[in-house]
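A quick write-up on the structure given underneath.
The values are calculated or read from the model by the stated rules, or taken from the named source; none is laboratory data. Note that the coordinates shown come from a computational prediction; the quantities given were computed from them, not determined experimentally. Positions of Cβ are generated from backbone atoms using ideal geometry, with glycine treated the same way; all protein chains shown enter the neighbour counts. Heads up: the accessible areas ignore ligands, DNA and RNA and are worked out on the full protein's heavy atoms, side chains in. Shrake-Rupley method; radii C 1.70, N 1.55, O 1.52, S 1.80 Å.
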Amino acid sequence: MKHPERKLAKRFDMPGRAAAFTDLVYAGERGSWNEIRADQASRLPGKPEYNVYFGELHGHSNLSDGGPDIDTYYRGLRDRAGLDFGALSDHDHGGVGKPELWNDGKWELIQAKVREYYEPGKFTTLLAYERDSYPWYNNLVVYYREDTGEMLRGVRDGEMTREELHRWLAREDLILVPHDTNVLSSGADFLAMELCDMVPMIQVWGRNSSCVEYMGNPPMPGDDCEGGHWQDALGRGAKMGCIACSDDHGGMGGLMSGEGLYRCPGITGVWAAENTREAIFDALRARRCYGFMGPGRITVDFRIDGHYMGEEITVADDPEVYYSITSETPVETVTVVKNCRDYLVLRGKREQLFYDYRQEQAEDCYYLRVKLTDGRMAWTSPIWVRRA
């Protein structure tokens, strides 16, 4: 990549036009495909320093408005779906006509079961619940770093003030994640909020809700309201990662329920040092995670200059954008989304490295949208890139 005019002619490039490649192609009888392939492979980053773990982060039991009891819920995630981690996120109101989570010992039972089902290295449980939070996000799942914690009760149950939102967002032992942000009944409006009001994560896919990447994106079974989409927030400059969840009420977390793409479970992939509560939580808080439509596993390794999804980085030279996809189903397309628009659509390529020459904003935002041949999709948390 030494041609002095390359940046005048191109916005992006790939190792296939490196000087070494050209020399080997034009080496006559001395050139060989083995040398060319070896040169290309030498430019790829090494294996990730983290392990990938898969989990379900949003589901309900009969402690609120779900069907299964809490033991059936956790055993389903661990034994039937074969997931590495999970969270039960019952409604704080406890279900219409039923005691709230802070009554009848429900919250104490939830904390006890989080401890009971936690097996470090095998199955990780995160303490969580779903909080009604009108007018800020309405449906907001609260995740705790520890296995015990006080519920977030403010001025009025079912509602949230801006001061309360900011106070809870500032806590390093919590992660607040909304869902159904694009629907009229319980949505959020990222076009109305200020950046300081925005959460660090969104549920980009939910089996019982919709896909909220951008307005009008498929698959989209229900309402779709302007301002409630991930790209609405990213376009405003929000540092917002993504996960995928099922919002399961029937004990089918991590498993297909019904027919068609709308019944695919939402699963979150996390790149973490180990399968422990602290490591999984810290990886989520760092946005080192992605969401996909299950039940089959999709592994997405997305890095820029060796930095992982979720990071904010400064590079001294042209960014090296790399991805690798592992899945049982063939890859149909991998779309590199830059600054909320489709930048490159690569067909059938499980692994790719390219160089991006053109800085467009003071800080460029990149993420991947993956589509498999069976229609299932995956989305990575972004990487934000500044240039020195």
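Step through the table entries Lys47/Lys239; Lys239/Lys338; Lys10/Lys338, compare each Cα-Cα distance with 22 Å, and write down the pairs that go over it.
The answer is Lys47/Lys239.
If you roll a 1.4 Å probe over the heavy atoms of the protein chains, what accessible area per residue do you get for region 22-119, in Å²? Present the calculation step by step, with values, prior to reporting the outcome.
Values: 4990 Å² over 98 residues.
Accessible area per residue, region 22-119: 51 Å².
In deg cm²/dmol and to the nearest 500, what is the mean residue ellipticity at 222 nm of the chain if only DSSP H runs of at least 4 residues count, each as -39500 (n - 2.57), divided by the residue total? Walk me through the numbers on the way to the answer.
On the way: 8 runs with 61 residues, N = 388.
Taken over the chain, the calculation gives -4000 deg cm²/dmol.
Enumerate the amide H contacts of Leu152 below 5 Å, restricted to partners 5 or more residues apart or on another chain; note that Pro and chain-start residues carry no placed amide H.
Here the answer is none, since no amide H 5 or more places off falls under 5 Å of that of Leu152.
Compute the relative contact order of region 156-227 as a whole-number percentage, counting only Cα pairs closer than 8 Å that sit 6 or more residues apart in sequence.
Values: 80 pairs, mean separation 22.1, N = 72.
That works out to 31 percent.
Can you pull the percent of the chain's accessible area that's carbon plus sulfur, 1.4 Å probe, other chains left in place?
Values: 7760 of 16130 Å².
Accessible surface attributable to carbon and sulfur in the chain totals 48 percent.
Can you list residues whose amide H is under 5 Å from Glu320's amide H, if they're 5+ apart or on another chain and H is modeled 1.01 Å from N?
Excluding prolines and chain starts, which carry no amide H, the hits are Asp305.
Using per-residue counts of other Cβ atoms within 10 Å, averaged over each peptide, order 178-185, 81-88, 68-75 from highest down. Present the calculation step by step, with values, prior to reporting the outcome.
Working: 178-185: 21.5, 81-88: 24.0, 68-75: 18.8.
The most tightly packed comes first, giving 81-88, 178-185, 68-75.
If one takes the longest principal axis of the Cα atoms in the chain, at what angle in degrees, from 0 to 90 and to the nearest 10, does the Cα axis of helix 33-42 lie?
Roughly 50 degrees, rounded to the nearest 10.
With unit charges on the beta carbon (Lys/Arg positive, Asp/Glu negative), name the residue among Tyr134, Pro382, Val183 whose Cα is farthest towards the positive pole of the charge dipole of the chain.
The residue sitting most towards the positive pole is Pro382.
Let me know the charge dipole size of the chain about its Cα centre in debye, to the nearest 20, where only the beta-carbon of Lys, Arg (+1) and Asp, Glu (-1) is charged.
That gives a dipole near 1340 debye.
Straight-line reach from Lys113: which lysines have Cα under 19 Å away, leaving out those fewer than 8 places along the same chain?
Reachable lysines: Lys122.
With labels modelled as points extended 7 Å from the Cα through the Cβ direction, what inter-label distance (nm, one decimal) is found for Leu109 paired with Leu169?
Label-label distance for Leu109 and Leu169, simple model: 3.5 nm.
Could you rank the peptides 146-156, 89-99, 281-291 by their average count of other C-beta atoms within 10 Å per residue, with the highest value first?
On the way: 146-156: 13.5, 89-99: 17.7, 281-291: 23.7.
Going by the mean number of other Cβ atoms within 10 Å, highest first, we get 281-291, 89-99, 146-156.
Where does helix 106-116 land angle-wise versus the long Cα axis of the chain, in degrees 0 to 90, nearest 10?
50 degrees
Can you pull out the chymotrypsin sites (Phe, Trp or Tyr not before Pro) in region 318-371 whose DSSP state is coil and whose Cβ has at most 13 other Cβ atoms within 10 Å?
Values: sites: Tyr322, Tyr323, Tyr343, Phe354, Tyr355, Tyr357, Tyr366, Tyr367; in loops: Tyr357.
Qualifying residues, ordered by number: none.
Ignoring ligands, DNA and RNA, what accessible area per residue does region 151-265 give at 1.4 Å, in Å²?
On the way: 4480 Å² over 115 residues.
Dividing the accessible area of region 151-265 by its residue count gives 39 Å².
Quick check: from the Cα gyration tensor, does the chain come out rounded (a/c under 1.5), prolate or oblate? Show your work: numbers first, answer last.
Values: a/c = 2.20, a/b = 1.79, b/c = 1.22.
Prolate is the answer for the chain, as a/c is 1.5 or above and a/b outweighs b/c.
Using 0.36 nm times the number of residues separating Glu146 and Lys122, minus their current alpha carbon distance, what extension gain do you get?
Values: separation 24, 0.36 × 24 = 8.64 nm, distance 1.76 nm.
My answer for the length gained is 6.9 nm.
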